[in-house]
1. Among (1) of a type in the set (S, T, Y); (2) in a loop (DSSP other than H, G, I, E, B); (3) over 18 Å from the mean Cα position of the chain (by Cα), there is one condition T28 misses while meeting the rest; what is its number?
2. Give segment 70-129 a look and list any residue that's among the hydrophobic types (A, V, I, L, M, F, W, C), part of a loop (DSSP other than H, G, I, E, B) and under 22 Å from V30 (Cβ atoms), or say none.
3. What are the residues in segment 2-14 that are surrounded by fewer than 11 Cβ atoms within 10 Å (Cβ to Cβ) and either at pLDDT 95 or above or on the phi > 0 side of the Ramachandran plot (or both), if any?
4. Anything in segment 34-59 that is surrounded by fewer than 17 Cβ atoms within 10 Å (Cβ to Cβ) and either of a type in the set (G, A, S) or assigned to a loop (DSSP other than H, G, I, E, B) (or both)? List them, or say none.
5. How many residues, within segment 141-153, are surrounded by 16 or more Cβ atoms within 10 Å (Cβ to Cβ) and either at pLDDT below 90 or assigned to a helix (DSSP H, G or I) (or both)?
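The values are calculated or read from the model by the stated rules, or taken from the named source; none is laboratory data. Please read all numbers here as calculations on a predicted model, not as lab measurements. Every residue, glycine as well, gets a Cβ built from its backbone with ideal geometry; the counts of neighbours run over all protein chains shown.
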Amino acid sequence: MVFLVIRVRSDRGVTKKIRDTMAMLNLTRVNHAVLVPETSSYEGMLKKVKDYVTWGKVDSETIQNILSQRGRMIGDKPLTDSDVNSGSSFSTINEFSDALSSGEVTTKEIEGLKPVFRLHPPRGSKGWGGIKRSFSVGGALGYRGDDIKELVMRMM
């Protein structure tokens, strides 16, 4: 499986360790998202920055939507099937998203694919629901499990 991690808050007044951890996750700006594998080292990093990001497990269909709508190549060109075919061993975005969701490959597999997905702020009346509270009490921070899919659809 793979986690989708979205940065919710800025790093003003944050300790250097947390700021460095967010930089290691490639989360340099608010509303940026990355796909990270579900490993113990990444889980430790996510627990460290839990007060500034939200994350959850995503399936192949959600990854396919993110890649096709928000995936960018170097030069800010949208990701297409021909880019996937020429830059990797996969022929379509669908095949690549299946491999990503199972944890076989990472976004580094496609040469020239930017690892960060720039998203809109959440649409709808709820918005983030509060960026200073955890998801379990009605806010936006921390682990959200499968509910990350609904958030991502509101942000695309």
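1. (3)
2. Hits for segment 70-129 are V116, L119, W128.
3. Step one: filter segment 2-14 for residues surrounded by fewer than 11 Cβ atoms within 10 Å (Cβ to Cβ), giving 12-13.
G13 - this is the single residue of segment 2-14 that is surrounded by fewer than 11 Cβ atoms within 10 Å (Cβ to Cβ) and either at pLDDT 95 or above or on the phi > 0 side of the Ramachandran plot (or both).
4. Once the filter is applied, which keeps residues that are surrounded by fewer than 17 Cβ atoms within 10 Å (Cβ to Cβ) and either of a type in the set (G, A, S) or assigned to a loop (DSSP other than H, G, I, E, B) (or both), segment 34-59 yields E38, T39, S40, S41, G44, K50, D51, D59.
5. Looking only at that region, the number is 4.
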